[in-house]
1. Rank the residues Trp62, Trp98, Trp82 as a footprinting-exposure proxy: fewest other Cβ atoms within 10 Å of their Cβ go first.
2. Using Cα-Cα distances under 8 Å and only pairs 6 or more residues apart, what relative contact order does segment 30-104 have, in percent?
3. Given the Cα-Cα distance of Val84 and Thr34 and 0.36 nm per residue of separation, how much length would full extension add, in nm?
Amino acid sequence: MAINLPTEYSLAPPRAGFVIATGNALSSCPKPTTLDTQMTLALLQELLMALRANDADGYKSWLALGIEELGREVAAEVESDWMVPLLVEEERDRLMAWQLGVSL
């Protein structure tokens, strides 16, 4: 049962209980995200949160887990290509210091 709710932005005339869904065919739906993609995005999120919380040990632990689960190449890509462009200067400096073994 479709409910016709009036809206101020609707220019289409009301339909008698029918829902017209253009472009919602099964082939137009995005493909489900793979587990590897989900894990890669989770790694990016956790690395960013650890960096922003100034948690060097947490950052290193997540990076080690990322290398173990996803491989060195993927973890390096997440860290350098995906994460660094999201950082402000202070966070970049902190990350560089951690990589050099210095604490800021």
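Only the coordinates and a few stated rules stand behind these numbers; no lab work does. Remember, it's a predicted structure, so these values are computed and weren't measured experimentally. Cβ sites come from the backbone with ideal geometry, for glycine too, and all protein chains shown count toward neighbours.
1. Trp82, Trp98, Trp62
2. 30 percent
3. 15.6 nm
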